[in-house]
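Encoded as structure tokens, the structure appears first; notes follow it.
The values are calculated or read from the model by the stated rules, or taken from the named source; none is laboratory data. Keep in mind the model is a prediction, meaning the values are calculated, not measured. Cβ sites come from the backbone with ideal geometry, for glycine too, and all protein chains shown count toward neighbours. Side chains are part of the model used for accessible areas, which takes the heavy atoms of the whole protein and leaves out ligands, DNA and RNA. Shrake-Rupley method; radii C 1.70, N 1.55, O 1.52, S 1.80 Å.
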Amino acid sequence: MNWRLWQDRAGRYSWLMTLALAGLCLPMALIGYDAIMGQLGPRPYNAFIHEVGVWTFRFLLLSLLVTPLARIARWPALMTVRRRIGVAACLYAVVHLAGYAADQSLDLLHIASEIARRVYLTIGFVALLGLVALGITSTDGMIKRLGGPRWRRLHALVYPIAVLGLVHYFLQEKADVTVPTLMAGWLAWLLAYRLLNRVLPDGQARSVPVLLGLSVLAAVGTAGAEALGFWAVRHLPPGLVLEANLSFDWDAGIRPAWYVLAGGLGLTLASVVGDLKQRARRLARA
């Protein structure tokens, strides 16, 4: 990528590139500001590591969303920012590890022994190595060197890497699995859409009935996963968590399943809008 960060490949200014750059840098800037101002709480290193790790996974999910959204909304220009979001996820993951190393006083032998001894750290480290491999091979030069087919096979590993990152997230959460469950629901939606896009006839995966059905199933699965997660971590009866999902209590907070459903419905609406825009363009050309 030898063009400037706010320009497209043709060297023209791109508002989409600029917006993506600002959005990718903003979380780290805010976390850094909180660190400088001493606003990360009584355990600042832990808070820093946690926040950067959460944003790593958010950007990883966002990078996986780009291609489905570009297809569903008929917005091909969105593909221009996918690589940068993926590289940002890689950089945040490296900072996440650096924060952990700093918290361990940069004792490399101790860090290595902890990674080998603790399962969730081992899984997270493997995911990090995978992200670094994808980040290093994200340049135009590496695409040419590896060749298109080999490069695509390598970067398809982003999906198992995301699953490993999610498992790492779940295992390190000791009390509240709400946010990991939300991430799991969205990842499940993305993985299911990828599968449907492969097995269904051309264009059918972005149809309204398929997207609606996928969204409902992902939401139901998220509710079930949250119930199992709280049962495993806090020994809460699964029925109690499922009842909380159905009650929709604003005071208690909206459960992850509803956010997953809202995201799926938003993508369904994007499909409708994309179709309307395409029809309008066809009428204008006619």
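Overview of values
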{"read-out": "Only Lys, Arg (+1) and Asp, Glu (-1) charged, at Cβ; segment 1-172 dipole about Cα centre in debye", "value": "960"}
{"read-out": "Dipole of segment 125-182, positive direction: furthest Cα of Val177, Leu129, Met142, with charges on the beta-carbon", "value": "Met142"}
{"read-out": "Accessible surface of the chain [probe 1.4 Å, protein heavy atoms]: carbon and sulfur percent", "value": "68"}
{"read-out": "Gyration tensor verdict on the chain (Cα atoms; rounded if a/c is under 1.5, prolate if a/b is larger than b/c, oblate otherwise)", "value": "oblate"}
{"read-out": "Spin-label pair Leu16/Asp202, simplified geometry with 7 Å Cα→Cβ offset, distance in nm", "value": "2.2"}
{"read-out": "Cα centroid separation, segment 40-96 to segment 185-221 (Å)", "value": "22"}
{"read-out": "Cα-centre dipole for segment 174-285 with unit charges at Cβ (Lys and Arg positive, Asp and Glu negative), debye to 20", "value": "800"}
{"read-out": "Shape of segment 174-285, Cα gyration tensor, a/c cut at 1.5", "value": "prolate"}
